[in-house]
Ligand code: 9YT
């Protein structure tokens, strides 16, 4: 069994900081669960364009409000605590936080290894594509 505490993982190598967001990876590929599990904070007023071409992602909003724009259709869905979205078509999207941080629980399949950074197109490379 694996038991981890978000508050203890904050500030360790599991806690990744980037432009407009930071993320604590509670489960990574090395945990052999077949998915990774992250608690991600989208910073207040952040606007993030993302396109996970190589991963499926599901996200549940724990706190804060914002929106997600589907760039294929132009549709904008409001996000608030209790709302989940799943990028089942590797959907290209823009995630926007309102004037407070959004706390999101995220699952990735295949699992993130922990070393990925966003590429210019907003995707993460598959491990096999990494140098
Ligand atoms: C909400 C969202 O897009 N989360 C993505 C995960 C985060 N960027 C991470 O842990 O890399």
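Pick out which of 49, 57, 13 has the largest mean-square fluctuation in a Gaussian network model of the chain, springs linking Cα atoms closer than 10 Å.
Top of the fluctuation ranking is 13.
Based on a Kirkwood Rh over C-alpha pairs, give the Stokes-Einstein translational diffusion coefficient of region 1-77 at 25 °C and viscosity 0.890 mPa s in µm²/s. Kindly include the intermediate steps, with their values, before the conclusion.
Numbers: Rh = 14.4 Å.
Using the Kirkwood radius from Cα pairs, D works out to 170 µm²/s.
Can you tell me the convex hull volume per residue for the chain, based on C-alpha atoms, in Å³ to the nearest whole number?
Cα convex hull per residue, to the nearest whole number: 112 Å³.
Would you mind checking region 52-79 for residues with the amide N under 14 Å from a putative spin-label position 7 Å along Cα→C-beta of residue 94?
Output list for this probe position: 67-77.
Could you calculate the FRET efficiency of residue 5 with residue 56 from 1/(1 + (r/R0)^6), where r is the beta carbon distance between them and R0 is 35 Å, rounded to 0.05?
0.85
How many angstrom lie between the C-alpha centres of region 64-91 and region 34-59?
11 Å
If we count other beta carbons within 10 Å of each Cβ, what is the order of 65, 12, fewest first?
On the way: 65 16, 12 9.
In increasing order of surrounding Cβ atoms, one gets 12, 65.
Compute and list, largest first, the equivalent-ellipsoid semi-axes of region 20-65 from the alpha carbon gyration tensor, each √(5λ) rounded to a whole angstrom. The partial results should precede the final answer.
Details: eigenvalues 91, 37, 18 Å².
They are 21, 14, 9 Å, listed from largest to smallest.
Quick note: the coordinates plus some simple rules give every number you see, no bench work behind them. Worth saying up front: this structure is predicted, and the values here are computed from it rather than measured. Because the Cβ atoms are built from the backbone with ideal geometry, glycine has one as well, and the counts that use them run over all protein chains shown.
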